[in-house]
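The values are calculated or read from the model by the stated rules, or taken from the named source; none is laboratory data. Because the structure is predicted, anything quoted here is derived from the model rather than measured. A quick note on method: Cβ atoms are made from the backbone with ideal geometry, for glycine too, and the neighbour counts reach across all protein chains shown.
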Amino acid sequence: MLKKLYVCVLEAKDLPVKNSRVKLKLGKFKYKTRILKNTFNPIWNEEFVFKVKDIAEDVLVVNVVNHNDESKVVDFVGEVRIPVGSVGFEDHKQILPPTWFELQCSNTNGKFFNKFCGWFSCIYFFCI
């Protein structure tokens, strides 16, 4: 039976950029928030729903990106990978409290390194 993962993208803080959006991906499903401008601490409060095929294997990938209006270039800021199996799903509907994740940064080679690049917060839960 397919389950649905509900994700509410709340906010980010201490970002190194002012014009940001969040991109979410789970399997073949992709979503993105609106771009918030002129803030290092954006608040989105946007909800998304994903169909989950394999709770044990699926991973929700969250990328925070900088959007430059002038050049139309999108720069990677940081990433969080949330294993879907870490989300409580014993009950038919279990809402977890808002959770803060430290964004992981990567260099131009795509390798992650230990450099602080901000925080990301969301609420997520399953519903059958």
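Quick one: in the range 112-128, of everything that is farther than 14 Å from ASN63 by Cβ and surrounded by fewer than 14 Cβ atoms within 10 Å (Cβ to Cβ), which residue is modelled with the highest pLDDT?
Within the range 112-128, the match that is modelled with the highest pLDDT is PHE116.
From VAL65, VAL80, which residue is under 17 Å from ILE123 (Cβ atoms), modelled with pLDDT of 85 or more, in contact with a strand residue (DSSP E or B) (Cβ under 7 Å, 6 or more places away or on another chain) and not in a loop (DSSP other than H, G, I, E, B)?
After applying the criteria, what remains is VAL80.
Select from the range 1-45 the residues that are buried (at least 17 other Cβ atoms within 10 Å of the Cβ), without any contact (Cβ under 8 Å) to a residue 60 or more places away in the chain, farther than 15 Å from ARG81 by Cα and not basic (Lys, Arg) and list them in ascending order.
Of everything in the range 1-45, those that are buried (at least 17 other Cβ atoms within 10 Å of the Cβ), without any contact (Cβ under 8 Å) to a residue 60 or more places away in the chain, farther than 15 Å from ARG81 by Cα and not basic (Lys, Arg) turn out to be ASN19, SER20, THR33, LEU36, PRO42, TRP44.
Exactly one condition in (1) modelled with pLDDT under 85; (2) under 20 Å from PHE125 (Cβ atoms); (3) not in a loop (DSSP other than H, G, I, E, B) is false for VAL7; which is it?
So the condition that VAL7 fails would be (1).
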